[in-house]
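Working notes, beginning with the structure itself.
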Amino acid sequence: MYTFCLLRESETALQYCNAVTRAAPGWVDGWYHLGREHYLRGDFTQAQSTLNRCTTLSIAQGIPITERNLDCWYLQGQSAEVRGDCDGLLKVYEEFTEMVAEADLPQTWTYPPEGPSICLE
């Protein structure tokens, strides 16, 4: 079933990705692909929620930072930004930057020193 999540036939991919997360609710990659599918469809509320499951499971399962799919954080943050959810964006961005620093990874997602524009007032 997992391979159908990669076919880019949106409705079919969404159905199969949902089936994957029901069958294996602790499988991080299933949540990533489901969240990515919601993101690509423009359903940013669902994307943010689903990708939050991906990040939460990654941390809870103790997956080493270098083995985590950092797109779970990035796409979740982008969804929050599109939705105007400053609190959600700042939380996930902080987690991302802490992981990158801790694992000495290249910083691939940055905002100006003053922070994301949606959070400036």
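The values are calculated or read from the model by the stated rules, or taken from the named source; none is laboratory data. Not measured: the values here are computed from a predicted model. Note: ideal-geometry Cβ built from the backbone for every residue, glycine included; neighbour counts use all protein chains shown.
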Q: Within the range 38-83, track down each residue that is of a type in the set (D, E, K, R) and at pLDDT below 95.
A: Arg41
Q: Quick one: which residue in Glu9, Glu81, Glu37, Glu67 is under 30 Å from Glu102 (Cβ atoms) and either surrounded by fewer than 16 Cβ atoms within 10 Å (Cβ to Cβ) or touching a Phe, Trp or Tyr at 6+ places or on another chain (Cβ under 8 Å) (or both)?
A: Glu67
Q) So Gln107 clears everything in (1) in a helix (DSSP H, G or I); (2) touching a helix residue (DSSP H, G or I) at 6+ places or on another chain (Cβ under 7 Å); (3) more than 26 Å from Trp27 (Cβ to Cβ); (4) not charged (D, E, K, R) except one condition, right? Which one? A) (1)
(Q) Pairs please, first residue from the range 53-65 and more than 11 Å from Trp31 (Cβ to Cβ), second anywhere and of a type in the set (Lys, Arg) and assigned to a loop (DSSP other than H, G, I, E, B), Cβ atoms under 9 Å, 6+ apart in sequence or on different chains. (A) Ile59/Arg68
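This table checks each residue for (1) farther than 20 Å from Asp85 by Cα; (2) among the aliphatic types (A, V, I, L, M); (3) in contact with a Gly (Cβ under 6 Å, 6 or more places away or on another chain).
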site	(1), (2), (3)
Val28	yes, yes, no
Gly35	no, no, no
Thr45	no, no, no
Thr56	no, no, no
Glu67	yes, no, no
Q: Just give me the residues in the range 36-52 being of a type in the set (A, V, I, L, M, F, W, C) and within 20 Å of Pro25 (Cβ to Cβ), in sequence order.
A: Ala47, Leu51
Q: Kindly indicate whether any position in the range 81-94 is touching a residue at least 24 places away in the same chain (Cβ under 8 Å), part of a helix (DSSP H, G or I), closer than 19 Å to Asn18 by Cβ and not hydroxyl-bearing (Ser, Thr, Tyr).
A: no
Q) Do we have Gly62 as among the small types (Gly, Ala, Ser) and within 27 Å of Ser10 (Cβ to Cβ) here? A) no
